[in-house]
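The values are calculated or read from the model by the stated rules, or taken from the named source; none is laboratory data. Quick caveat: nothing in here was measured; it's all calculated off a predicted structure. In this analysis, Cβ positions are derived from the backbone assuming ideal geometry, glycine residues included, and neighbour counts consider all displayed protein chains. Accessible surface is based on the protein model in full, side chains and every heavy atom, while ligands, DNA and RNA are left aside. Shrake-Rupley method; radii C 1.70, N 1.55, O 1.52, S 1.80 Å.
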Amino acid sequence: MFENIFKNNEKWVANKLKVDPDYFRKLAQGQHPEYLYIGCSDSRVTAEDLMGVEPGEVFIHRNIANLVVSTDNNINAVVQYAVEHLKVKHIIICGHYECGGVKAALNPSDMGQLNSWLQTLRDVYRLHQRELDAITDVQKRFDRLVELNVREQCINIIKIDHVQKSWYKTGYPQIWGWVFDVHTGKIKDLELKMEEEFSSIRNIYDLRPLG
Ligand code: CO
């Protein structure tokens, strides 16, 4: 059943060793990625592949619809480890068009176990309801929610204490919002200005002690 996968793995190992016989010895020594990538679990959005990066270059977290939920131990641990220990310079939130999670959030229905997860997405919809409901083209509304969700998750990243502490101390990590277009394979930079974004909401989310 997994025959092909193991065969592919052997080929992959052989190719790496052909280029550099020391490849895995070096890989085993540790990781120093400059990027934390937070993306969707969608099988079409293969983080390393679409960025063309090698093992060791990007620390990766994926979940349904690339959400940053404040009560999620998993993402909190990932972000803390990436920022405090790996000292990543950049955090990328990468959404994608045709995201099933985002689509589900646009259509009210009982999704069982997924309800609480999708609630975060429905909240994004509510925050931007006026803009979204004004878009009559269903596909365009869907695409726009994908983009707005990335922006909101970037904002959720800057609410995290470890991120703020590091940011005030070193100016890093910088936060970036991208959308992967499954129709073309291209990454679109949403060109979010997260420092400006944060200054407009600093009075609400700043965790620095006053004075
Ligand atoms: Co998705």
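Of all residues in the stretch 17-68, those satisfying the criterion of being free of Cβ contacts under 8 Å to residues at least 40 places away in the same chain, small (Gly, Ala, Ser) and under 18 Å from ASP181 (Cα atoms) are SER41, SER43, GLY52. Selection of the stretch 64-104 for residues being open to solvent by 40 Å² or more (accessible area, probe 1.4 Å) and either more than 16 Å from the ligand (Cβ to nearest atom) or not assigned by TED's automatic domain parsing to the domain that holds THR46 (or both) yields SER70, THR71, ASN73, ASN74, ASN76, ALA77, GLN80, TYR81, GLU84, HIS85, LYS87, LYS89. Among the residues of the stretch 5-26, not a single one is within 14 Å of the ligand (Cβ to nearest atom) and among the aromatic types (Phe, Trp, Tyr). For the stretch 148-160, the condition of being closer than 25 Å to ASN73 by Cβ, surrounded by fewer than 17 Cβ atoms within 10 Å (Cβ to Cβ), touching a residue at least 60 places away in the same chain (Cβ under 8 Å) and touching a helix residue (DSSP H, G or I) at 6+ places or on another chain (Cβ under 6 Å) holds for at least one residue. Does ARG144 count as more than 15 Å from the chain's Cα centre (by Cα) and assigned to a helix (DSSP H, G or I)? So ARG144 fits the description; yes.
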